[in-house]
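Taking it in order: structure first as structure tokens, then the write-up.
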Amino acid sequence: MTDKLFSPITIGPHQLKNRIVMPAMHLGMCDDGRVGQAERRFYSERARANVSLIMAGLCNTFADTSATITGVLELSSDKHIDGMATLHQDIATVGALSAVQLSPIAGYNNPAWKPDESHLTMLIESIGIAARRAQIAGFHYVELMLSGGSLLSHLLSPHHNPGTLPNFSGSFENRLRGPLNAMRAIQRHAPDMPIIIRMHGHEYLPGGYGLADAARIAARLADEGAVAINVTVAGHRTKVPQITRQRSAESFGFLGRNIKDAVGIPVFYGSRIRNYADAVAVMRASGADCITVGRALIADPLFAQKIEREFRKHQNTPPLQDDNEIINCIGCCQCLDQAFAQKPAHCTVNPAIKLGIQSGFTQTQYGIAGNLNAIPNGAANRLRVVVAGSGPAGLHAALDYVQKGASVTLVEKEKALGGKWRRISQLSSHDITHGALTGTIAAVQNAPIEIMKNTELTPRLVATLSPDILVLATGAAPRRIDLKGIETHPCVFHVSELVDTDLWPEFKHAVIIGGNAAGVTMALHLATPGFATTEAIGYLHRFGSIEWAEEALSFKPAKSITILKRRGFFGKGMGRATRWTAVQEMDLFGVNTIDKVQYEEVTPEGLWIRQGKQSERRFIKADLLILSTGFQPILDAAEFEGLVPKIVVKGDAHRIGNITDAINGVYTSL
Ligand SMILES: Cc1cc2nc3c(=O)[nH]c(=O)nc-3n(C[C@H](O)[C@H](O)[C@H](O)COP(=O)(O)O)c2cc1C
Ligand code: SF4
């Protein structure tokens, strides 16, 4: 079965060299439809690194000034053909096949928007005309977007389109008319252009289409001449989180399998694939002919190459869980948050995406292992750089300087690299960040960087190493607040003390002061143990009874966790998509949230607060008090002044922020 992943397959008139497909991901990088260097680099890097089919897009088919999405690729006019032809060539000349995903952006992510039927007919026709332009530009396939927030996905949905348009709403046949007409428009304007369909495997919306109708839709579109069906989970409007960390890659594979069973053409399926083991598990679960790998390829352009290496290594043995050279996508959804905020994509763990836009940076720092080794060690006149601290900012500063040709020494006072990143990755809600850390450490270890662990940065050491530049990425220390009576409480920790020391104090009533990202993360870390796991609930449902599953679902451990906030919203500092699920989880796991709090006094048993508009006085019991009151930079630049020509301060030592700020901040200002 695993052999399949790296074997060729014929889809329509073309042969894919393996089964790894990059799905369309709107990058927001285009300016007025012009394909820029950043976008070209993004696609070509991935095409060069073993992806067999690259889906560019989404690509707009109809010029519409009222559209709510910006920075999209365009084929809404003939003037876009040349730019798109360049993009196709970038992909094709390095050995991959190219597709472009088509949709008008009119009404994007706005299911309430319904054009009248004549306007709709024009929009559908525009898809055919754009397919013709894609054909002239050289693309191997077009993909019809019936997913995400596209107009056609809204038309297809019984939830969104119960009936206002006489010919396009209501019944199954009517709702299918939009997609069918779009296919026919493509076939008319671009005969022989193979069409791939992208659709949801289920809508997970009340009254939305489910497994049976998804299979019917796919079968009809296959009968109409589609060459493959590309199945994604559900759209933007479902309340079931799909691309955040809470679920495994293969868990919704059955949605792919449902379509595979219904059609005789190849099926693609993917979502949440982060490593080789995921890729294999998803292929097995879904029965798909090809897997789609989205964010894992944003995070690490060499993903497909690396998993092939992993495959060759383990051909006769079970795959490893942790392919530690991959910079794993951490599922933070910053990339998607950016897209929804109408900004160019950036990635927490791969700053090259953002840099491609801002500084014309020419290569991703992860794609350079070979080049790095080509830098002559010990060459004269090389800039000497010492980086102190190996958290996210330090690791990336070391990578960036070495890539620029400097001779780099990385100094870390602990025995392992990673700093706070390593410790945070041990939290239950953040274990997903571990793979990105190990991948980044592997990149540093593979580069010609001298690494000094267990080493304190002292003026003497700096004088000995005598660098041209000293980068201080020494992180941050807990910031405590002065609360009346706090010294009387027997069990008070700063959130970082719990993380740093892996302490696990027993408690009945924990209170967290501070509802920022760290506070919410700690609340979930404390709250979730003791609840039945999702696996146990499903297991009981399947092997026991619905009643036992429901009983397990309603079980609550006898502990309380309360999180307090003075102002603002809970989870400040988290990205939108992550916060959305974290807030949902706090509710599910019974975390009490209290905002608009004024702190009065701590006692040995808890704390007095005032709350709300009435400033009502309340006592909150607490046998464990956790301060999530922020951090302050650890910085002692003064002791190094005069010893080096230049001192650069990075990460939390410069400005307190999250991991995205720390990593991306390194490159934007070096
Ligand atoms: C930044 C971003 C933009 C996306 N834009 C599109 C899009 O234009 N069309 C589409 O069909 N899916 C889009 N998606 C969804 C992806 O194709 C993919 O289904 C999703 O990211 C889940 O797969 P993954 O876990 O492998 O990333 C987008 C995803 C991301 C992260
Ligand atoms: S921004 Fe986050 S979710 Fe998106 S690709 Fe990067 S690590 Fe993955």
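Laboratory data are not the source of any read-out in this text; all were calculated from the coordinates shown. These numbers were taken from a predicted model, which means no experiment stands behind them. A quick note on method: Cβ atoms are made from the backbone with ideal geometry, for glycine too, and the neighbour counts reach across all protein chains shown.
Annotations
- Sorted ascending by nearby beta carbons within 10 Å, beginning with the fewest, F252, F569 become F569, F252.
- For the chain, the ratio of Cα radius of gyration to the globular rule of thumb 2.2 N^0.38 Å stands at 1.02.
- Counting only Cα atoms, the stretch 618-670 measures 55, 27, 15 Å along its principal axes, largest extent leading.
- Antiparallel DSSP beta bridges within the chain, as percent of all bridges there, nearest 5: 20 percent
- Cross-link pairs beyond the 30 Å C-alpha cut-off, checked among K559/K613; K239/K572; K114/K572; K306/K415; K596/K621; K572/K650: K114/K572
- Its Cα centre serving as origin, the chain has a Cβ charge dipole (Lys and Arg +1, Asp and Glu -1) of approximately 300 debye.
- Euclidean distance between Cα centres, the stretch 178-254 to the stretch 459-484, Å: 52 Å
- The residues packed around K484, meaning those with a beta-carbon under 9 Å from its beta-carbon, carry a net charge of -3 if Lys and Arg are +1 and Asp and Glu are -1.
- The K596 and D223 beta-carbon pair, evaluated with R₀ = 60 Å, returns a calculated FRET efficiency of approximately 0.55.
- Going by neighbour counts of Cβ atoms within 10 Å, the residues L383, L75, L97 line up, fewest first, as L383, L97, L75.
- Local net charge near K596, Cβ-Cβ under 10 Å (Lys/Arg +1, Asp/Glu -1): +4
- Mean Cα-pair separation over length for the chain, i.e. relative contact order, pairs under 8 Å, 6 or more apart, %: 11 percent
- Degrees, to the nearest 10: 211-223 long Cα axis against longest axis of the chain: 50 degrees
- Relative to the longest principal axis of the Cα atoms of the chain, helix 172-189 runs at roughly 80 degrees.
- Share of pairwise Cα-Cα distances greater than 20 Å in the stretch 46-155 is 38 percent (whole percent).
- Cα centroid separation, the stretch 508-578 to the stretch 99-147 (Å): 42 Å
- Rounded to 10°, Cα long-axis angle of helix 517-527 versus longest principal axis of the chain: 90 degrees
- Cβ-to-Cβ counts within 10 Å put M122, M193 in ascending order as M122, M193, the fewest first.
- Charge sum, other residues only, whose C-beta stays under 10 Å from K572's C-beta, Lys/Arg counted +1 and Asp/Glu -1: +3
- Here the stretch 2-322 is treated as an ellipsoid with the same Cα gyration tensor; its semi-axes, largest first and in whole Å, are 29, 23, 17.
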